[in-house]
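Report on the following structure.
The values are calculated or read from the model by the stated rules, or taken from the named source; none is laboratory data. All of these numbers come straight from a predicted model, not from anything done at the bench. Because the Cβ atoms are built from the backbone with ideal geometry, glycine has one as well, and the counts that use them run over all protein chains shown. To get the accessible areas, we keep the full protein, side chains included, count just its heavy atoms, and leave off ligands, DNA and RNA. Shrake-Rupley method; radii C 1.70, N 1.55, O 1.52, S 1.80 Å.
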Amino acid sequence: MILVKYEDLLKEKNYTLIDVRTPKEFREEPIPGAINIPLLLDEERVDVGTAYKQVSPEKAKELGVEAIAKRLPEIFREVQKHAKGRLAFYCARGGMRSGSMAALFEALGYTTWKLDGGYRAYRQYILDNIKTYNKDVKYIVLHGKTGIGKTKILQKLEQKGYSVLDLEKIANHKGSFFGGVCEKEEQSQKKFDSLIFDYFYWNRPDYVIAESESKRIGNVYVPEDVFQSLGEGIHLSLETPIKHRVDIIRDDYAGATTEELQSCLDKVGRYIGEKKHAEYSEMLRQNKIDELSEILMIEYYDPLYQKSIDKYVYDSEIFYETLDEGVEKVVRYLNEKGIFGKEDTE
């Protein structure tokens, strides 16, 4: 069994990264690309921990060995199913769980690594290196009011081969009180940081196009160096007619239930007063979604975001009637600055 640091593992190609922690630990703080083959299940780890605290370390070890012994055939089958090249095992701190698995499979004839320091060392490495890889990246930042279509423009730019850092996509959140509706499961801070590190490590961009963001997106926080770069970037102001913004909002929230929208509206209600909250709730009950979207943008979100918009000096102001026109004008601006996507250079 050989210890391997995560930065050295990144240089390798033929290996399988296996997380032997519980499913809960893996969900909350995975290493992207790893496969979870737990040594103990969630409830088993709780039982072992309880025995350790309330009875003795020896009793905890006994319970752990019994639980693991029952799962060994399943663990072996899972490793066989996924094994490719060397097997690199890790746990929380690079201790007993990953060490025992690496030793076992080495005894069975596999070539194994144990991730030095486990997840904790990996976590420290990516936090240190987000700063390193972000350091000299030029940011082109899109600004605009709610419903302007910034995220959709980013998606279309990415399809054209431009370097796009879509923080809201990585966060599984659109950034407002309604931002978690129609999104996947809530993102964890640790997974958010991991995905940002992976973006920079694997793409090594000279520039990124991103959307202006608050420090917090949903329940996660943008890494400080990235947030600072957003503020120091080149800023573009986007604008489109209110009717087009309503169309974009309708598309963004097409899959939302009335209950989900009401829950978000209740959060806004703390800031708009009881009378308006009652009026808006009645519009929602009557399914007047377009009217509700327009009035919320004009009366609540636009004044709120205008303060942020007014903080910056803009290199260009771009008005468009359709998203395709908006993308075309942003591309024209980028090309004038010597920035081209893959489609532009083919």
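Computed quantities for the displayed model
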read-out: Residue ID - most open to solvent (accessible area, probe 1.4 Å), chosen from residues in the range 184-221 that are out of contact with any strand residue (DSSP E or B) (no Cβ under 9 Å at 6 or more places or on another chain) and aromatic (Phe, Trp, Tyr); value: 202
read-out: Odd one out for residue 247 among (1) out of contact with any Gly (no Cβ under 9 Å at 6 or more places or on another chain); (2) free of Cβ contacts under 8 Å to residues at least 40 places away in the same chain; value: (1)
read-out: Test: residue in the range 57-73 that is farther than 30 Å from residue 298 by Cα, buried (at least 17 other Cβ atoms within 10 Å of the Cβ) and modelled with pLDDT of 95 or more; value: no
read-out: Residue within the range 74-97 that is over 30 Å from the mean Cα position of the chain (by Cα) and among the aromatic types (Phe, Trp, Tyr) present; value: yes
read-out: Qualifying residues in the range 1-25 (those that are β-branched (Val, Ile, Thr) and within 25 Å of the chain's Cα centre (by Cα)) - the one nearest to residue 84 (Cα to Cα); value: 16
read-out: Test set (1) under 27 Å from residue 123 (Cα atoms); (2) within 32 Å of the chain's Cα centre (by Cα); (3) open to solvent by 90 Å² or more (accessible area, probe 1.4 Å) - residue 52 fails condition number; value: (2)
read-out: Set 109, 118, 33: member being among the small types (Gly, Ala, Ser), touching a strand residue (DSSP E or B) at 6+ places or on another chain (Cβ under 8 Å) and open to solvent by 40 Å² or more (accessible area, probe 1.4 Å); value: 33
read-out: Single unsatisfied condition, residue 214 versus (1) polar (S, T, N, Q); (2) at negative phi; (3) touching an Asp or Glu at 6+ places or on another chain (Cβ under 7 Å); value: (3)
read-out: Considering residues of the range 240-271 that are open to solvent by 30 Å² or more (accessible area, probe 1.4 Å) and β-branched (Val, Ile, Thr) only, the residue farthest from residue 331 (Cα to Cα); value: 258
read-out: Condition broken by residue 202, with the remaining ones in (1) farther than 24 Å from residue 333 by Cβ; (2) under 17 Å from the mean Cα position of the chain (by Cα); (3) in contact (Cβ under 8 Å) with a residue 24 or more places away in the chain satisfied; value: (3)
read-out: Neighbours by Cβ (under 6 Å, 6+ apart or cross-chain): first from the range 327-346, farther than 13 Å from residue 163 by Cα and loosely packed, with under 13 Cβ neighbours inside 10 Å; second modelled with pLDDT of 95 or more and of a type in the set (Phe, Trp, Tyr); value: none
read-out: Of the criteria (1) open to solvent by less than 40 Å² (accessible area, probe 1.4 Å); (2) at pLDDT below 90, which one residue 88 fails; value: (2)
read-out: Single unsatisfied condition, residue 237 versus (1) open to solvent by less than 30 Å² (accessible area, probe 1.4 Å); (2) without any contact (Cβ under 8 Å) to a residue 12 or more places away in the chain; value: (2)
read-out: Of residues in the range 138-171 being part of a loop (DSSP other than H, G, I, E, B) and open to solvent by less than 20 Å² (accessible area, probe 1.4 Å), the one modelled with the lowest pLDDT; value: 147
read-out: Condition check for residue 24: at pLDDT below 95, among the charged types (D, E, K, R), closer than 21 Å to residue 122 by Cα and touching an Asp or Glu at 6+ places or on another chain (Cβ under 6 Å); value: yes
read-out: Tabulated pairs, the range 30-48, first over 26 Å from residue 196 (Cβ atoms), second open to solvent by 20 Å² or more (accessible area, probe 1.4 Å) and basic (Lys, Arg), C-beta under 7 angstrom, 6+ apart or interchain; value: 39/97; 42/24
read-out: Residue 183 modelled with pLDDT under 95 and not polar (S, T, N, Q); value: yes
read-out: Evaluation of residue 16 against (1) assigned to a strand (DSSP E or B); (2) open to solvent by 70 Å² or more (accessible area, probe 1.4 Å); (3) not aliphatic (A, V, I, L, M) (one fails), failing number; value: (2)
